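A short worksheet on the structure shown next.
Derivation of every value follows stated rules applied to the coordinates shown; laboratory data play no part. The model shown is predicted, which means the values in this text are computed figures rather than measured ones. Positions of Cβ are generated from backbone atoms using ideal geometry, with glycine treated the same way; all protein chains shown enter the neighbour counts.
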Amino acid sequence: MTVVPADRPRRAEAKAAGSDAASPRRPGRLRGRLAALAFVAPLIAYLAAFYLYPLYRNLDLSLRDYTVRSFVSGDAPFTGWDNFRKVLDDPTFGPALRHTLVFTFVSIAFQYVIGLALAVFFNRHFRLAPTLRALFLIPWLLPLIVSASSWSWMFNSESGVVNYALHVIGVDPVGWLTSPDWALTSVIVANIWIGIPFNLVILYSGLQNVPAELYEAAALDGAGAWQQFRRITVPLLRPVSAITLLLGLVYTLKVFDLIWIMTKGGPGDSSSTLATWSYQLGFGTLLPRFGPGAAVGNILILIALVFGLLYIRVQRRQEA
């Protein structure tokens, strides 16, 4: 004779009740997931249409021998890595890469240092601080074509205001945009001016999160302004500084319109970067070379990706 435990009917009833209670939740969870997917779907479609597909097309261009005819018909032969080899063997590649690195790192260094100095200055909360901060945002708010055209006029060899100022103090005029020795410097100066407001805004926002009590305690301990900056401001701004430098790096690597409007990468190749060279190869001649132009663009993307991965690695080390 089999003995049935006294609590078995209770467990069976509880299990049945639990299954009955869980069954209404499943449709609710499904509806929640479908609603979440509905909200995410536009973002996924946007990323696929404007990021993934262009990246795929650019990679396809760099691996095929595209001409104007084959670009329309779509029957370009597959050439593998030949376009990349042509680009790397081209005598323009070395100077373009060097100019890109110089343009990027010099611009970022001056933008960050000047932006940090202005952020610390405006953090003092004097009467005209909001007005002056708003004025410093003007270079960032202006359309880039307006800024580039203004700097082209100021650096004009014959009628520019910069050479006029040099003439007033007795210095010979300089061919800022027409001399191979000064063209790259000119576009770097213009890019620094444009990028300072971005660094100012981000770093100033970071300073607002630094407790004022730390500076008061440091002042009571006898720390001067420089010691407070070095021991408090710089360490606490490190995460904000890292993201500011990374965004500045990615943006500056791909700067094209400023250089193209001011110098078109010239004279010669003296101010040519990977971005302007890629455009010249693909669209700057009557016989466009779409494959090599796309290959240069992919190299530029790869450089930005490497620096992005380095940033992620540094951030993980700091968090650990």
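Using C-alpha pairs under 8 Å with a sequence gap of at least 6, the mean separation divided by the residue count of the chain gives a relative contact order of 25 percent. Over all alpha-carbon pairs of the chain, lay out the pair-distance distribution in 20 Å bins, whole %, shortest bin first. The percentages, shortest bin first, are 22, 42, 23, 9, 3, 0. Scoring 38-44, 284-290 by mean Cβ neighbours within 10 Å over their residues and listing the highest first yields 284-290, 38-44. In a Debye calculation with equal point scatterers on the alpha-carbon sites of region 93-254 and no solvent, what is log10 I(q)/I(0) at q = 0.10, 0.18, 0.19 Å⁻¹? The Cα Debye sum returns log10 ratios of -0.49, -1.13, -1.19. How far is helix 8-47 tilted, in degrees, relative to the longest principal axis of the Cα atoms in the chain, given as a value from 0 to 90 rounded to the nearest 10? Roughly 20 degrees between the two axes. Highest GNM mean-square fluctuation among ALA36, ALA45, ALA129, for the chain modelled with Cα contacts below 10 Å: ALA36. Among ALA35, ALA119, ALA148, the residue with the largest mean-square fluctuation in a Gaussian network model of the chain, with springs joining Cα atoms closer than 10 Å, is ALA35.
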